[in-house]
Amino acid sequence: MKRISNVITAVSVTLFIAVMLVLTLISAVTGEGSGNAKKGSALSTVISLVDGSIGEKITKDFAGSFSGRIDWVAIDAKTESAICENIVNGVYIADSRLIEADNTARTVSGKCASSILSYTNVYDGAVCLVAVPGSAGVYSELLPEYMDSRTQKQLIDRFYELLDTGVRRIDAYNRLKMLSDNYVYFRSDNKWTSYGAYCVYRTVIQKLGFQPLSYDKYSIEHAADSYCGDLYSRTQYMHCSPDLLDIYTYDGDTEVTGCTLRENDGTETECPLYNRDALRSDNMYALYPGVGHPMINIRTSNGNGRKLLVIGDDYAASFVPFLLQHYSEVTVIYPEHTTLPLSSYTDNTEYERTLFLFGIDSLCGENILEELLSEYTKGDRLI
């Protein structure tokens, strides 16, 4: 029945597009609806067909026949998902979620691993690394078989192999895979939800020397229920339900006492832990600490004097709040937005540990850490 329904939908949409094209062609040729239209202009029409000018007019009129790009992409998504494989703009449309469907051959960055090793060799504290799979890695069984030639699990394993025992490698994949029936990833984005981050936090915090905090001690606020992530933006697929952006608040004694954003020019600005103004912007995910900035420093009322340096991407943003009960200070660096070496932002000797936390996609291709860790890299130490 679903196949029949898809065929009917595809035929209907195709007919609609054909009708719109014909009507637009007629309008372009006859000049109907234009204040400058003239009847009996057959000769000028023939001339315009010959010199190609009518083609430009048809293109403009056809594009203008739709309410905008968003509507057109939505129609395109519906048509493609009904006629052929459910892939639109590199995104696979599954029954319940959107999944990144990049089938190009990818390899992890040996230079990125080398940068981490060089940093570890001169850093006095402990170094930990968490490579996080995207939703395509955890829900790979939903993808067509030909897209599963090099899984994200294999990429993570390969990156971990490039690091020596000086770097403590922490597994996130198996934890997330085991809990994949839960709301651990957004439906409309490649990233994990706050709950997915909490699940991995329970593993990571033990490796950092603490006991994880109980889930039932958190109060959960649905700060937004209309988040539509990057995968939705690329497809405008209307049958994908919007996601929740959650804020977890622990019922404990430790409170956040201050947060400071630091920009590349050295400017510092005090800010709240959560940027609620972002919920009224095009980038709602910037709700989470420091998103879109090079650095955020978070201070708490915890008197243990322990400090943690986190270097990561957007996965780290929703993860960091779970660390705050355990430390007096946490500094987060986002290499995607930095333009200077690490020492320009903070003194790493003040921190007992450095935690690298990235989605595996950030660890493939170009070296995202090249500029930030350039002070610690000796030559072109390739792996």
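For the pair Ser301 and Glu161, a Förster radius of 51 Å applied to the C-beta separation gives a FRET efficiency near 0.80, rounded to the nearest 0.05. A DSSP coil position with no more than 10 other Cβ atoms inside 10 Å describes none of the GluC sites (Glu not before Pro) in region 254-286. Placing a label point 7 Å from the Cα of Gln206 along the Cα-to-Cβ direction, the residues of region 172-189 whose backbone N falls under 13 Å from that point are 172, 175. Near Lys153, which aspartates and glutamates are there with a Cα under 13 Å away, not counting those fewer than 8 places off in the same chain? Leaving aside aspartates and glutamates fewer than 8 places away in the same chain, those within reach of Lys153 are Glu141, Glu161, Asp171, Asp361.
Each Lys or Arg adds one and each Asp or Glu takes one away; over the other residues whose Cβ falls under 12 Å from the Cβ of Gln325, this sums to -1. Extension gain for Glu371-Ser226 works out to 48.6 nm (0.36 nm per residue, less the C-alpha to C-alpha distance).
By the count of neighbouring beta-carbon atoms within 10 Å, fewest first, Leu231, Leu357 end up ordered Leu357, Leu231. Projecting the Cα atoms of Ala224, Val184, Gln211 onto the charge dipole of region 159-227, computed from C-beta unit charges around the Cα centre, puts Gln211 farthest toward the positive end. A Förster radius of 22 Å combined with the Cβ-Cβ distance from Thr339 to Val122 puts the calculated FRET efficiency at roughly 0.50. Its Cα gyration tensor gives region 159-248 an equivalent ellipsoid, and the semi-axes of that ellipsoid, as √(5λ) in whole Å with the largest first, are 28, 19, 10. Under 12 Å from a label point set 7 Å out along the Cα-to-Cβ vector of Asn264, the amide N atoms of region 328-367 belong to 335-341. Kirkwood hydrodynamic radius of region 110-376, from the reciprocal of the average inverse Cα-Cα distance over all distinct pairs: 19.0 Å.
Taking other C-beta atoms within 10 Å as the exposure proxy, Lys217, Lys153 rank Lys217, Lys153 from fewest upward.
Fewest neighbouring Cβ atoms within 10 Å first, the residues Cys240, Cys259 line up as Cys259, Cys240.
Laboratory data are not the source of any read-out in this text; all were calculated from the coordinates shown. These figures come from a predicted structure and were not determined experimentally. Please note: Cβ atoms are built from the backbone with ideal geometry, for glycine as well, and neighbour counts cover all protein chains shown.
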